[in-house]
Amino acid sequence: MVAAGFIMLALFVCAFYYSTKHKITKPRWLLKSALYGLPLPWIACEAGWFVAEYGRQPWSIAEVLPVHTSVSNLAVSDVVITLVAYSAFYTGMFIIGFYLMKKFAKKGPVPPADKQPETEFDLIDLDEQGAKA
């Protein structure tokens, strides 16, 4: 969990550095690392949950916390309803997120031809300015 957090932090720092130098697309390793790093937040979350649950278990085994106290008193139907509700919610969120990513990926980074620059900064080519600096 902590390692995944530090890896994400290192990726952010590198991306921020190259972004401020206007060379974010130059280091291919950074782009590939960012792509392969997408599941890191999920891995960190699951690892944290795993550690928390394993930290809780020895209390029941060592009889510090009696097993009858540490066992949940939920009915099976409560667990099934919760599982189905969470699964439906996150499946819906996945479908919406996938749709939006696909929509914006098809749209591309190029602005429409009829768009006029709104400020004087829109007229400046940042790559050209970065090369001169």
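For this structure, a couple of remarks:
- Output for the range 1-59, where each listed residue is of a type in the set (Phe, Trp, Tyr) and either in a loop (DSSP other than H, G, I, E, B) or closer than 24 Å to Pro109 by Cβ (or both): Phe12, Phe16, Tyr17, Tyr18, Trp29, Tyr36
- Looking only at residues in the range 4-24 that are of a type in the set (Val, Ile, Thr) and open to solvent by less than 80 Å² (accessible area, probe 1.4 Å), the one that is farthest from Pro41 (Cα to Cα) is Thr20.
- Residues satisfying the stated conditions in the range 39-63, i.e. of a type outside the set (Gly, Ala, Ser) and either at pLDDT below 75 or touching a Cys at 6+ places or on another chain (Cβ under 7 Å) (or both): Arg56, Gln57, Pro58, Trp59, Ile61, Glu63
- Of the numbered criteria (1) more than 14 Å from the chain's Cα centre (by Cα); (2) free of Cβ contacts under 8 Å to residues at least 60 places away in the same chain; (3) surrounded by 12 or more Cβ atoms within 10 Å (Cβ to Cβ), the one Leu40 fails is (1).
The values are calculated or read from the model by the stated rules, or taken from the named source; none is laboratory data. Given the structure is predicted, the values throughout are model-derived calculations rather than measurements. Using ideal geometry, Cβ is built from the backbone for each residue, glycine included, and neighbour counts are taken over all protein chains shown. Just so you know, the surface numbers come from the protein's heavy atoms only, side chains and all, with ligands and any DNA or RNA stripped out. Shrake-Rupley method; radii C 1.70, N 1.55, O 1.52, S 1.80 Å.
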